[in-house]
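What follows is a single structure, written as structure tokens, with notes after it.
The values are calculated or read from the model by the stated rules, or taken from the named source; none is laboratory data. Everything quoted here is computed from the prediction, not taken from an experiment. With ideal geometry, Cβ positions are generated from the backbone for all residues, glycine too; neighbour counts draw on all protein chains shown. Side chains included, ligands, DNA and RNA excluded: accessible areas come from the protein's heavy atoms. Shrake-Rupley method; radii C 1.70, N 1.55, O 1.52, S 1.80 Å.
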Amino acid sequence: MKIEHIETPRLYLRGFAPADASFAISIWNDPEMGEYLLDETMEAVSDEYFRQIQALGEDPECCYLIAEDKFTGERIGTCSFIPADGVYDIAYCVHKRFWRQGYATEMAGGMIGYARSRGAKKITAVISSENPGSNAIAQKFGFRIAETLIQKKRGGGREFVDYRYELDL
């Protein structure tokens, strides 16, 4: 699913391109940055997986985005949303070089604003119960926990508890 781009005070959230695959994998599959994600470990990344990531910009249902600094063009992180029947499910990841600088909050706010401008009725987000930063962001925007999920990292990894948050608009 493609969109123009979303603009926030410091960022452009632009469509995912094949050249973004290595950057996304460096976050999602990294043991520290991808700790709370379901993606495989870096050791499990195959050529086929890399090709799948390169094609994310063409996904018909999910809008994968890259967060770029508006002034330098440097990639800050990744985010995505899946719109379905007035509900937008959002996700975001920030590269650790930019942690604790408000970028995740800005990315989430940009996606919430975009969904609201498109007439969304609800926004959802799945966040690990062990991720205090992302839980604080969800609470800051007024999300409430709607469900508790048990998830398992791909490749037989560890199990952990996720919260599925909802925000009624």
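Of all residues in segment 123-144, count the ones that are in a helix (DSSP H, G or I) and either within 24 Å of residue 26 (Cα to Cα) or acidic (Asp, Glu) (or both). Let's see the steps before the verdict.
Of segment 123-144, the ones in a helix (DSSP H, G or I) are 132-140.
Still in the running and either within 24 Å of residue 26 (Cα to Cα) or acidic (Asp, Glu) (or both): 132-135, 137.
Matching residues across segment 123-144 total 5.
Only residues that are open to solvent by less than 40 Å² (accessible area, probe 1.4 Å) and either in a helix (DSSP H, G or I) or of a type in the set (Phe, Trp, Tyr) (or both) were counted in segment 46-71, giving 4.
Could you say which residue among 108, 120 is of a type in the set (Gly, Ala, Ser), assigned to a loop (DSSP other than H, G, I, E, B) and open to solvent by less than 40 Å² (accessible area, probe 1.4 Å)? Only one candidate qualifies: 120.
Within segment 47-71, the set of residues being at pLDDT below 90 and out of contact with any helix residue (DSSP H, G or I) (no Cβ under 9 Å at 6 or more places or on another chain) comprises 47, 48.
Scanning segment 81-105 for residues that are crowded, with 18+ Cβ neighbours inside 10 Å and under 15 Å from residue 28 (Cβ atoms) yields 91, 92, 93, 94, 95, 104. Mind checking which residues of segment 127-167 are at pLDDT 95 or above, open to solvent by 60 Å² or more (accessible area, probe 1.4 Å) and either hydrophobic (A, V, I, L, M, F, W, C) or within 25 Å of residue 4 (Cα to Cα) (or both)? Matches in segment 127-167: 141, 145. Can you find a residue in segment 72-80 that is touching a Ser or Thr at 6+ places or on another chain (Cβ under 7 Å), at pLDDT 95 or above and open to solvent by 20 Å² or more (accessible area, probe 1.4 Å)? Scanning segment 72-80, I find no residue that is touching a Ser or Thr at 6+ places or on another chain (Cβ under 7 Å), at pLDDT 95 or above and open to solvent by 20 Å² or more (accessible area, probe 1.4 Å), so the answer is no. Total residues in segment 10-25 satisfying the condition of being in a strand (DSSP E or B) and of a type in the set (Lys, Arg): the figure is 1.
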